[in-house]
Amino acid sequence: MPFNEIKIDRSFVMKADFDKEAAEIARVTIDLGHSLGLKFVAEGVENEETYKWLKSLGCDVCQGFLVGKPASGKEFTSFIV
């Protein structure tokens, strides 16, 4: 099955500020994805510091509470329409 992006779990992203191994896994995963011509998506981005760090590594897309809170189907539909 073809794919065009890699997503890293929030458990690595949220620990990156105090766990050097988690931060290195995120960095290497971003590099790997880009070397394969893939986009990189990070889950669990909850603060500006984490967002800036991921962007400095070349992260293409961020997901998490910083970007948007969970929404019901009705709320989401009204947002995108």
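The values are calculated or read from the model by the stated rules, or taken from the named source; none is laboratory data. Not measured: the values here are computed from a predicted model. Note that each Cβ is placed from the backbone with ideal geometry, even for glycine, and that neighbours are counted across all protein chains shown. These accessible areas exclude ligands, DNA and RNA; they are computed on the full protein's heavy atoms, side chains included. Shrake-Rupley method; radii C 1.70, N 1.55, O 1.52, S 1.80 Å.
Across segment 59-81, the qualifying residues are those that are aromatic (Phe, Trp, Tyr) and more than 30 Å from ASP31 (Cβ to Cβ), and the one among them that is most open to solvent (accessible area, probe 1.4 Å) is PHE79. Contact annotation: residue pairs with Cβ atoms under 6 Å, 6 or more positions apart or on different chains, pairing a residue in segment 57-81 that is closer than 26 Å to GLY33 by Cβ with a partner that is open to solvent by 60 Å² or more (accessible area, probe 1.4 Å) and among the charged types (D, E, K, R), are LEU57/ARG27; ASP60/LYS39; GLY64/GLU46; PHE65/GLU46; LEU66/GLU46. State whether the residues of segment 43-54 include one that is open to solvent by less than 80 Å² (accessible area, probe 1.4 Å), of a type in the set (Ser, Thr, Tyr) and either at pLDDT below 90 or touching a Phe, Trp or Tyr at 6+ places or on another chain (Cβ under 8 Å) (or both). No, segment 43-54 contains no residue that is open to solvent by less than 80 Å² (accessible area, probe 1.4 Å), of a type in the set (Ser, Thr, Tyr) and either at pLDDT below 90 or touching a Phe, Trp or Tyr at 6+ places or on another chain (Cβ under 8 Å) (or both). Please work out if ASP19 is at pLDDT 90 or above and open to solvent by less than 60 Å² (accessible area, probe 1.4 Å). Here the answer is no, as ASP19 does not meet what is asked.
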